[in-house]
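Asker: This is the structure I want to talk about, given as structure tokens.
The values are calculated or read from the model by the stated rules, or taken from the named source; none is laboratory data. The structure displayed is predicted, hence computed values, not measured ones. No Cβ is skipped: glycine too gets one built from the backbone with ideal geometry, and neighbour counts run over all protein chains shown. What goes into the accessible areas is simple: the full protein's heavy atoms, side chains included, and nothing from ligands, DNA or RNA. Shrake-Rupley method; radii C 1.70, N 1.55, O 1.52, S 1.80 Å.
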Amino acid sequence: MTATLTRTRFLAALVAVSMLALLFVAASGAVPLLPAGDSADRPDDPSTEDTVGYVEGYWHDDELDVDDRDDAAIEDEDELESVIYRSMARVEEIRGLTFEDDVPVDVISREEFQDDHEELFVELSADERVQQNVTYEALFMVDSETDAEAALEAMYGDSVGGYYDPGANEIVLVSDSPESPEVDEVILGHELLHALQDQHFDLSGYDRETIDQDNAKNGLIEGDAVTVEMEYDRNCGVEWDCLPETEVQPTQPSDVNWGLYTLLYHPYDEGPTYVDFLLEADDGWSAVDAAYDDPPQHSAEVIHPDEDRELADVSVADESDEAWEPFEVDGEVATETVGEAGMVAMFGGNALDPNQPSVIENEDFLTPDLRIDYDQPYTDGWAGDQLVTYVDSAAAANGTPATEETGFVWQTEWTSSEDADQFADGYGELLELNGAESVDGEALYEIDDAYPGAYAVQTDGETVTIVRAPSVDDLDAVAAGVTADADDAEDGDTNDAESGEPSELNETADEDDGAASDDSIPGFAAPGAVIAITVAVLVARLRN
């Protein structure tokens, strides 16, 4: 078993998603129309435990005094309680499940959240930080001078409106006026849906040790939550009276990392389409319920739910010499699986910024209704990958290595040699867009700027292997013969990398490649606040 590191290791709560964020999804028409229940069928003696759409004396279509106000400010605890119970009933009515337990809701000030929000992030060890930095540098998302954890935390800014804490089984609402908070009822419904999921399906039991596993599980979890949230919003003002819309506008960060944004956004964009596929296949929620027992293992399954794709069991063979060695975290080799969604974010994230060059062009990355298209020619043949962090042996002996003392070997597998060639071409273009210069041909590169080092890109049939080291001389020390293979590639020859054995898509090719997951449930709705503050920016930029 090898150790892996992903953002799931440092996010410990489900952060609220705003409706502004979900305009991306709503415009696509991906979310099916799910009619509210028929109140004429109400039992004479309803109960919270057994009656869908009824919680602690409140029906899903009840009216509250606060519905008729000019704003969504809640005056006291009793009023907040009535809003919560009615919202719980509405989530039940849409989702067809009942809450098994109460869900406490705490309201804190924004100052309190800003002082304590570090608790949302699992503290990383020095070695974990090294691996994380190498991983995101390999994806050209976080440069060598920036700490990846800091970059990810910065995505949240001052915009978080609330989150579900699975450890405490409570929802925390963040308000600028906690004594009389303005409650976004639809966001509250989204977070209550997470509590409902946790009560019925025990979300803490999933393996989420890699970027790819995280995006796969979140595709189901957030696809479910977004589907319910959109139906909740559609019913407001039509089937139901709801709280007035809040007027609080999220704070926009000064500099958005669009690569990270695209990576984190995947479950919100593709998840509802995946859930829609399940709903249509089974004509109801039973297929979604069943999916929690057999959730998607790879983001490719969320992007292509109708495919039965063969995958490769990828395991990077150590071919380093005595000067270099695989990096270890807690005594285990540090590996990562990026997956198809992560690769799409790598190639296309900058397409959302007109001031940045991108491998995937803007017109190919966004659909006409402003959804991100995660089904891309560069990556749609993904069949598996493993990225192993390497370290200078002398540096490892002296303690935690610096960035310039690390490297990586990233082996990727593809469903065809044509798909492999497309990925290799895309990574070569990515290198060039980041200032790489060819060394003795097109297969070796050097970068002096934000992502310094030497890179080799090898293609052998359905396998593409990328090696990075501090210098060209170090490449062969990290992976023996890589420079000679690069020279052969110039002459049209291939190297001797081994292709992985195929397996079914719904089997976990590298399920045991990660360390045991943390007890906390990491990160499910993490990008929600980010989406809220960036979609408006994106739309404005596109219009310009």
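Asker: Among the residues in segment 28-36, are any more than 30 Å from the chain's Cα centre (by Cα) and at pLDDT 50 or above?
Answerer: No.
Asker: Restricting attention to segment 3-25, does a residue exist that is at pLDDT 95 or above, surrounded by 17 or more Cβ atoms within 10 Å (Cβ to Cβ), of a type in the set (Lys, Arg) and in contact with a Gly (Cβ under 7 Å, 6 or more places away or on another chain)?
Answerer: Scanning segment 3-25 turns up no residue that is at pLDDT 95 or above, surrounded by 17 or more Cβ atoms within 10 Å (Cβ to Cβ), of a type in the set (Lys, Arg) and in contact with a Gly (Cβ under 7 Å, 6 or more places away or on another chain).
Asker: Still on this structure: What about Cys242, is it modelled with pLDDT of 95 or more and in contact with a strand residue (DSSP E or B) (Cβ under 6 Å, 6 or more places away or on another chain)?
Answerer: Answer is yes for this residue.
Asker: Residues of segment 342-359 being farther than 14 Å from Leu263 by Cβ and either open to solvent by less than 40 Å² (accessible area, probe 1.4 Å) or of a type in the set (Lys, Arg) (or both), which ones?
Answerer: Of everything in segment 342-359, those that are farther than 14 Å from Leu263 by Cβ and either open to solvent by less than 40 Å² (accessible area, probe 1.4 Å) or of a type in the set (Lys, Arg) (or both) turn out to be Asp353, Ser358, Val359.
Asker: Let me ask something else about it. With respect to Val316, determine if the residue is part of a loop (DSSP other than H, G, I, E, B) and at pLDDT 95 or above.
Answerer: So Val316 fits the description; yes.
Asker: Okay, next question. Of the residues Val439, Val472, Val391, which single one is crowded, with 24+ Cβ neighbours inside 10 Å and touching a helix residue (DSSP H, G or I) at 6+ places or on another chain (Cβ under 8 Å)? First the steps, then the outcome.
Answerer: On the way: Val439 fails: crowded, with 24+ Cβ neighbours inside 10 Å; Val472 fails: crowded, with 24+ Cβ neighbours inside 10 Å.
Exactly one of Val439, Val472, Val391 is crowded, with 24+ Cβ neighbours inside 10 Å and touching a helix residue (DSSP H, G or I) at 6+ places or on another chain (Cβ under 8 Å), namely Val391.
Asker: Residues that are of a type outside the set (Val, Ile, Thr), in contact with a strand residue (DSSP E or B) (Cβ under 8 Å, 6 or more places away or on another chain) and buried (at least 21 other Cβ atoms within 10 Å of the Cβ): list the helices (runs of 4 or more DSSP H) wholly contained in segment 119-232 that include at least 3 such residues.
Answerer: Fully inside segment 119-232 and qualifying: 126-138, 185-201.
So that you can scan it fast, the table gives a plain yes or no per residue for (1) β-branched (Val, Ile, Thr); (2) more than 23 Å from Asp419 (Cα to Cα):
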| site | (1), (2) |
| --- | --- |
| Gln297 | no, no |
| Ala312 | no, no |
| Ser320 | no, yes |
| Val333 | yes, yes |
| Glu340 | no, no |
| Met343 | no, no |
| Pro354 | no, yes |
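Asker: Shifting gears a bit: Go through (1) assigned to a loop (DSSP other than H, G, I, E, B); (2) within 30 Å of Asp224 (Cβ to Cβ); (3) modelled with pLDDT under 95 for Ala281 and report which single condition fails.
Answerer: Every listed condition holds for Ala281 apart from (1).
Asker: In this structure, is Arg90 at pLDDT 95 or above, buried (at least 17 other Cβ atoms within 10 Å of the Cβ) and in contact with a Gly (Cβ under 7 Å, 6 or more places away or on another chain)?
Answerer: Yes; evaluated as a whole, the condition is true for this residue.
Asker: Output the number of the condition that Ala89 fails; it satisfies all remaining conditions of (1) over 16 Å from Glu182 (Cβ atoms); (2) touching a residue at least 60 places away in the same chain (Cβ under 8 Å).
Answerer: (2)
Asker: Additional query: Pull up segment 442-458, narrow it to residues that are free of Cβ contacts under 8 Å to residues at least 60 places away in the same chain and open to solvent by 40 Å² or more (accessible area, probe 1.4 Å), then point me to the one that is nearest to the chain's Cα centre (by Cα).
Answerer: The qualifying residue nearest to the chain's Cα centre (by Cα) is Asp449.
Asker: Still on this structure: Could you tell me which numbered condition Asp116 fails, if it satisfies all but one of (1) open to solvent by 60 Å² or more (accessible area, probe 1.4 Å); (2) within 30 Å of Gln386 (Cα to Cα)?
Answerer: (2)
Asker: Right, next: Kindly establish whether Glu301 is buried (at least 20 other Cβ atoms within 10 Å of the Cβ) and in contact with a Lys or Arg (Cβ under 9 Å, 6 or more places away or on another chain).
Answerer: yes
Asker: Before we move on, is Asp373 without any contact (Cβ under 8 Å) to a residue 24 or more places away in the chain and under 25 Å from the mean Cα position of the chain (by Cα)?
Answerer: When the stated conditions are applied, Asp373 passes them.
Asker: Just give me the residues in segment 400-421 being without any contact (Cβ under 8 Å) to a residue 60 or more places away in the chain and not aliphatic (A, V, I, L, M), in sequence order. Write out each step before concluding.
Answerer: So the first thing to find is which residues in segment 400-421 are without any contact (Cβ under 8 Å) to a residue 60 or more places away in the chain, and the list is 402, 414, 416-421.
Passing the criteria: Trp414, Ser416, Ser417, Glu418, Asp419, Asp421.
Asker: Can you name every residue in segment 58-111 that is under 33 Å from the mean Cα position of the chain (by Cα) and among the aromatic types (Phe, Trp, Tyr)?
Answerer: Tyr85, Phe99 - these are the residues of segment 58-111 that are under 33 Å from the mean Cα position of the chain (by Cα) and among the aromatic types (Phe, Trp, Tyr).
Asker: Quick one: is Gly349 within 21 Å of the chain's Cα centre (by Cα) and at pLDDT below 95? Even if it seems obvious, please write down each step before you answer.
Answerer: Numbers: within 21 Å of the chain's Cα centre (by Cα): yes; at pLDDT below 95: yes.
Taking the combined requirement at face value, the residue satisfies it.
Asker: Can you name the residue in segment 395-414 that is modelled with pLDDT of 95 or more and out of contact with any helix residue (DSSP H, G or I) (no Cβ under 7 Å at 6 or more places or on another chain) and, of all such residues, is surrounded by the most Cβ atoms within 10 Å (Cβ to Cβ)?
Answerer: Per the stated criteria, the residue is Glu413.
Listed here are the residues, each with its yes/no results for (1) of a type in the set (A, V, I, L, M, F, W, C); (2) over 17 Å from Thr415 (Cβ atoms); (3) open to solvent by 10 Å² or more (accessible area, probe 1.4 Å).
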| site | (1), (2), (3) |
| --- | --- |
| Ser286 | no, yes, yes |
| Ala323 | yes, yes, yes |
| Gly331 | no, yes, yes |
| Glu340 | no, no, no |
